[in-house]
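Quick one: structure below, then a few questions.
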Amino acid sequence: MIAQVTLTAALLAVLAYAFAQRIRLRWFRLSVASICALGVVIIWDPALATRAANAVNIGRGADLITYLWIALSFAVTVNVHLRLKVNDDRMTRLAREIAILNASRKRTFVPGGDSRAIPEMLPSSSGTASLD
Amino acid sequence: MTPSEGERPEKISERTFVVIPAFNEDRVIADVLKEVLGVYPDVILVDDGSTDRTAEIAFEAGAQVLRHPFNLGQGAALQTGIDYAIRNGASLIVTFDADGQHEVGDVATMIGLLERNDADVVLGSRFLGRTDGLARSKRLLLKGAILFTNATSGLRLTDTHNGLRVMRARAARRIRLTQNGMAHASELLHQIAALRLRFIEAPVTVRYSAYSAAKGQAVTGALSILYDLFYARISK
């Protein structure tokens, strides 16, 4: 009973966390809710997993859950990879605009976040330009 | 006949920008820029997050310097330079390597070919031209890359990974490189094929020094390129 209550609480916490995120996609919320609901049912009726496994010619319920978990993990990994690629693309575009903007304003980027004007572009500059 | 240094090629368009992507090239960039700026006044050096003095040296040499705040890859640097050139009124855009492998005299030949044939893009080919100091292993790697890129793009090129290119701004506007790394070379060719741009190849010279050979692609780099291209294909 303790294990079942603890696991149920954990799944409900996952559900709450998922819904607390600013992801309004209906399919995402539906997926998370479905998985958590299924998980709670299996926790309180483990024989259900065994019956479902037998229906698809898998011997044990635990094996079925393992296979489903592997498939789900793969899907999550692919999704994370795709999101990282989207972020990479955004960072590239942002870095590009920074480089072009700085060049257009006659500034140059110095590692450490300091953007300095090229000295000879300043009205009061004299001597040799230095970027240090 | 190749124009001598300082002599502008005939029929050069009003604004020809030479885009040079660079990463940690402070040992050679001054010489490269001296050679290029001697013929083409509009040189854009895109410093791809170098940790040495590449950008400072390029600025002192007289190039227009753009700096990425962090390293993104040669493909990203190239696209940044192309975007900047277009926004500043370029008619022709030349891509040129920063490591001293290319000869500035070849650019005039390529521009002449572009204009005589009314092409959109001229691609340099070391295998139609000349290579100095090309190692056998590198030659094999390049030949493999040529076979792969020709098979996947439908083009029939003799050199698919040469950084020396000339393109009209109208063609450059239609090309959009999304591969930040070295796979951009293949991506560029795929886009040329997909957009049905008129292209020709031109014989060029590629010089290999110990310095430039050390900076070239290893086999692991080639595998990385293959992965990038495969991923780009399946994520469409």
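The values are calculated or read from the model by the stated rules, or taken from the named source; none is laboratory data. Here the structure is a predicted model, which is why all the values come from computation and not from measurement. Cβ: placed from backbone, ideal geometry, glycine included. Neighbour counts: every protein chain shown. Just the protein is used for accessible areas: all its heavy atoms, side chains included, with ligands, DNA and RNA removed. Shrake-Rupley method; radii C 1.70, N 1.55, O 1.52, S 1.80 Å.
To the nearest 10 Å², what's B:Lys138's accessible area with a 1.4 Å probe?
B:Lys138 exposes around 50 Å² with every protein chain in place.
Sticking with this one: Per-residue mean of other chain beta-carbon atoms within 10 angstrom of the beta-carbon, peptide B:60-72?
Numbers: counts 4, 0, 0, 0, 3, 7, 10, 11, 6, 11, 4, 1, 6.
Per residue, the average neighbour count from other chains is 5.
A:Val86 to B:Arg170: FRET efficiency via 1/(1 + (r/R0)^6), r the Cβ-Cβ distance, R0 22 Å, to the nearest 0.05? Display every interim value, and only then the final one.
Values: r = 30 Å, r/R0 = 1.35.
Once rounded, the FRET efficiency stands at 0.15.
Stretched out fully, how many nm does the piece from B:Ala194 to B:Glu60 gain, at 0.36 nm a residue minus the Cα gap? If you can, show how the numbers build up before the last one.
Working: separation 134, 0.36 × 134 = 48.24 nm, distance 4.01 nm.
Full extension of this stretch gives 44.2 nm more.
Could you pull out every residue, at least 5 positions away or on a different chain, whose amide H is within less than 5 Å of the one on B:Leu128? Hs are placed 1.01 Å off N in the peptide plane, and Pro or chain starts have none.
Placed amide hydrogens put B:Val204 under 5 Å from B:Leu128.
Ordering A:Met91, B:Met182 by how much accessible area each has at a 1.4 Å probe, largest first, what is the list?
Values: A:Met91 95, B:Met182 65 Å².
Highest to lowest solvent-accessible surface, that is A:Met91, B:Met182.
How do A:Ile35, B:Ile192 rank by accessible surface area computed with a 1.4 Å probe, from largest to smallest? Mind showing how you got there, number by number?
On the way: A:Ile35 80, B:Ile192 0 Å².
Accessible-area ranking of A:Ile35, B:Ile192, largest first: A:Ile35, B:Ile192.
If you don't mind, there's one more thing I want to ask. In Å, what is the Rg of the alpha-carbon atoms in segment B:104-185, and how long is Dmax?
13.7, 38
Still on this structure: Could you calculate the FRET efficiency of A:Ala13 with A:Asn57 from 1/(1 + (r/R0)^6), where r is the beta carbon distance between them and R0 is 35 Å, rounded to 0.05? Before the final figure, lay out each step's value.
Working: r = 34 Å, r/R0 = 0.98.
Approximately 0.55, to the nearest 0.05.
Now a separate question. Using alpha carbons only, how many angstrom separate the centre of segment B:101-128 from the centre of segment B:192-208?
Answer, in whole Å: 8.
Here's another thing I want to ask about it. On a 1.4 Å probe surface of the protein chains, which of A:Ser34, B:Ser153 comes out largest in accessible area, and what is the full order? Working shown, then result.
Working: A:Ser34 65, B:Ser153 20 Å².
Ranked list, largest accessible area first: A:Ser34, B:Ser153.
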